[in-house]
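Please read the structure below before turning to the comments.
The values are calculated or read from the model by the stated rules, or taken from the named source; none is laboratory data. Just so you know, these numbers come straight off a predicted model, no measurement behind them. Positions of Cβ are backbone-derived with ideal geometry, glycine not excepted, and every protein chain shown enters the neighbour counts.
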Amino acid sequence: MFLLLAAHPDGSALQELTADGLPSPGNPHPRIISRTAATAVPENPGQSPTGLPAVVRELEQRRPRWIWHRTQDWYPALLEAGVELERCYDLSLSGAILAHSEFTAHTPYAQRAEKMTQDDDLQQPPRVLQPPPPPADQGALFDDPGLQSDLRPTLGELRAEYAAQQEAVAHATTDGNRRQRLQLLLAAESAGAMIAAEMQHAGVPWREELHEQILADHLGPRPPAGHRPAKLEALTTELRRLLHSPALNPDSPQELMRALHRNGIEVKSTRQWELKESTHPAIEPLLAYKKLARLHTANGWTWLDAWVRNGRFQPEYVVGGVVSGRWASRGGGALQIPRQIRGAVHADPGHKLIVADASQLEPRVLVALAQDSTMAEAARDQDLYAGIAAKGFGGDRAKAKMALLGAMYGATSGEAGRLMPQLARTYPRAVGFVEQAARAGEAGKTVTSRLGRSSPPPSERWFRSQQSTSAEEQRRADSIARSRGRFTRNFVVQGSAADWAACWLAELRRRLRALRADGSASGELVFFLHDEVMVHAPDGAVESCIQAIEDAANAAKELLFGRIPVEFPVSVAVVDSYDNAK
DNA sequence: AGTTGCTGCGCG
DNA sequence: AAAGCGCGCAGCAACT
């Protein structure tokens, strides 16, 4: 059962097509079961239980797969109206993957996308994939209706786009396994889009009074707008005295640098790690100032006012926001909640926060990708780095970790660089795998994650540098190539880890929904950060939620790699407060 | 006055 | 001058 939706998200001119399939190579003319056009504009937008949400809720009982241009255009308003959906296909996110995937590179779909980026200076994606016009919150008076209707995909365009994507997948490659992986990626990405909207809707439980207490403890009472808090003011006074600079603004790197130089502190920048080299008495208060100033500007009272409402922090997640497949976020720095203020993240009464993270995900993904059985043996340990250390770094865990991270990031110098030969001797397959990705990237080739997300083509700079003639230009070209090599080296690992995490998340959502459908108590996904999830659950649901998290992790492993002897353990903490999670 | 880029630091 | 990967954001600096 498939449903196509074509309408503006305000619900006007909803068109629904119900068919036994969608146009595809094997089924070019699907049997149409019913077709309706509902004009479903709520009379009181946002309040009326009728209109679009009611129509969608009705149709959801048939358990369709909703196919829409962008989940973000539809789903938040539906959630707001209390309508949760089971599954969807996000044309925009899927199209972006298919347009660049090495698995579909030979298909007309990808070639059309490539042609468009070549022809078009603005590098615009296919028309149907363009972002919608900006939100019309100023009212229709200020909108250009012609422009809007031009950008809004019609039912016909959605059908054509879906058919083109299906065909691209069908012809992905003769390797059926790759086709399955790509299909899995599209499903996981679409599920991710729904989860992102649901998590934004739910929000992270945030106790404002606990946050304010942390701020008061560190910074003093809340200052008037535009003023430094008491503790920062005191440190500023001290710094001015110690550095003999009565007007110093410690927030200005230039002023600060000059003041440091005048006092014989010869630093090339004002970064923490460089300042730590000096033993001058001004350094300690300066570092303290920087720490507190960061808290004040990034997560202080202003942040609290802007981002926390009614006990919830509701950031916007940007699925597909990173080329590797990781999520990005917009507003509030959702993916950078500092440890310092995690104490403000607190479960509701009668609830717990279940914080789970995939331990050492990226090196484990590398083991699986490279099928390095020697490293797999070391990874049987709950602590992979300790396992590696025991087999060749004299038991020095810190060294083993640095070597492995260096291999995944492309370290060439420093201690990590020096450790590389030793790592390569013991684990030639794992190291060879990332080395090969690096060589490919240097040569301008693309690399691809486990499920089929490919790296972007080389930059314009890379192409230009290829025509270098002089020795000087050649050095520059080599540097650009090596830089791209480090990117593609990391891409295969980071991208495949993102594949794993997307499957983990989708599988977890399915299980949490199943619990709820059973009538059991269930938790709610409220946060996701690359390799970590947070579930907010009633006390009685904690055990079943933990089980769901662990089952989902196993399912993700098998979906990506099949049954292989590599563990992907998750560490789970059940806490009231996020700062007790790690 | 508004825009763009840089510096520095938070997270994985 | 080169530099281990990927991000977002605030405030300063340098402009138009």
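Any chance the range A:275-294 includes a residue that's near DNA strand C (Cβ under 10 Å from one of its atoms), out of contact with any Leu (no Cβ under 9 Å at 6 or more places or on another chain) and modelled with pLDDT under 95?
Here is the first cut: in the range A:275-294, the residues near DNA strand C (Cβ under 10 Å from one of its atoms) are A:293-294.
Within this subset, residues satisfying the condition of being out of contact with any Leu (no Cβ under 9 Å at 6 or more places or on another chain) are A:294.
Then drop every residue that is not modelled with pLDDT under 95, which leaves A:294.
For the range A:275-294, residues near DNA strand C (Cβ under 10 Å from one of its atoms), out of contact with any Leu (no Cβ under 9 Å at 6 or more places or on another chain) and modelled with pLDDT under 95: present.
Residues of the range A:375-421 being crowded, with 16+ Cβ neighbours inside 10 Å, away from DNA strand B (no atom under 16 Å from the Cβ) and on the phi > 0 side of the Ramachandran plot, which ones?
The answer is A:392, and nothing else.
May I ask you to list pairs of residues, at least six apart or on different chains, whose Cβ atoms are under 8 Å apart, with the first in the range A:191-208 being closer than 13 Å to residue A:348 by Cα and the second being part of a helix (DSSP H, G or I)?
A:206/A:344; A:207/A:344; A:208/A:304; A:208/A:344
Would you please name the residue that is nearest to DNA strand B (Cβ to nearest atom), looking only at residues in the range A:475-500 that are touching a helix residue (DSSP H, G or I) at 6+ places or on another chain (Cβ under 9 Å) and more than 25 Å from residue A:431 (Cβ to Cβ)?
A:476
Just name the residue that is farthest from residue A:250 (Cα to Cα) out of those in the range A:292-311 that are surrounded by 15 or more Cβ atoms within 10 Å (Cβ to Cβ) and more than 9 Å from DNA strand B (Cβ to nearest atom).
Filtering the range A:292-311 for residues that are surrounded by 15 or more Cβ atoms within 10 Å (Cβ to Cβ) and more than 9 Å from DNA strand B (Cβ to nearest atom), the one farthest from residue A:250 (Cα to Cα) comes out as A:308.
Can you name the residue in the range A:312-324 that is more than 10 Å from DNA strand C (Cβ to nearest atom) and among the hydrophobic types (A, V, I, L, M, F, W, C) and is also surrounded by the fewest Cβ atoms within 10 Å (Cβ to Cβ) among such residues?
Ranking the qualifying residues of the range A:312-324, first place goes to A:313.
Report, ordered by the first and then the second residue, all pairs with beta carbons closer than 6 Å, sequence separation of six or more or different chains, a first member in the range A:466-493 that is free of Cβ contacts under 8 Å to residues at least 60 places away in the same chain and under 27 Å from residue A:433 (Cα atoms), and a second member that is outside any helix (DSSP H, G or I) and within 16 Å of DNA strand B (Cβ to nearest atom).
Every condition considered, the pairs that remain are A:488/A:455.
On the given criteria, is residue A:533 in contact with a Lys or Arg (Cβ under 8 Å, 6 or more places away or on another chain) and buried (at least 18 other Cβ atoms within 10 Å of the Cβ)? Break it down into steps so the answer makes sense when it comes.
Values: in contact with a Lys or Arg (Cβ under 8 Å, 6 or more places away or on another chain): no; buried (at least 18 other Cβ atoms within 10 Å of the Cβ): yes.
So residue A:533 fails the test.
Out of A:571, A:577, report the one residue that is modelled with pLDDT of 95 or more and touching a His at 6+ places or on another chain (Cβ under 8 Å).
Among A:571, A:577, only A:577 is modelled with pLDDT of 95 or more and touching a His at 6+ places or on another chain (Cβ under 8 Å).
Within the range A:522-545, take every residue that is outside any strand (DSSP E or B), charged (D, E, K, R) and touching a residue at least 12 places away in the same chain (Cβ under 8 Å) and give me the one that is nearest to DNA strand C (Cβ to nearest atom).
Keep residues of the range A:522-545 that are outside any strand (DSSP E or B), which gives A:522-523, A:529-531, A:539-545.
Filter once more, keeping what is charged (D, E, K, R): A:531, A:539, A:543.
From what is left, the residues that are touching a residue at least 12 places away in the same chain (Cβ under 8 Å) are A:531, A:539.
Numbers: A:531: 11, A:539: 33 Å.
Taking the candidates together, the pick is A:531.
Residues checked against (1) away from DNA strand C (no atom under 16 Å from the Cβ); (2) outside any strand (DSSP E or B); (3) modelled with pLDDT of 95 or more; (4) of a type outside the set (A, V, I, L, M, F, W, C):
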| site | (1), (2), (3), (4) |
| --- | --- |
| A:247 | no, yes, no, no |
| A:270 | no, yes, no, yes |
| A:273 | no, yes, no, no |
| A:297 | no, yes, no, yes |
| A:326 | no, yes, yes, yes |
| A:340 | no, yes, no, yes |
| A:349 | yes, yes, yes, yes |
| A:355 | yes, no, yes, no |
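Report yes if some residue within the range A:480-495 is surrounded by fewer than 18 Cβ atoms within 10 Å (Cβ to Cβ) and either in the same structural domain as residue A:410 (by TED's automatic domain parsing) or part of a loop (DSSP other than H, G, I, E, B) (or both); otherwise report no.
Keep residues of the range A:480-495 that are surrounded by fewer than 18 Cβ atoms within 10 Å (Cβ to Cβ), which gives A:482-483.
The next check asks that each one be either in the same structural domain as residue A:410 (by TED's automatic domain parsing) or part of a loop (DSSP other than H, G, I, E, B) (or both); those that pass are A:482-483.
Yes, because at least one residue in the range A:480-495 is surrounded by fewer than 18 Cβ atoms within 10 Å (Cβ to Cβ) and either in the same structural domain as residue A:410 (by TED's automatic domain parsing) or part of a loop (DSSP other than H, G, I, E, B) (or both).
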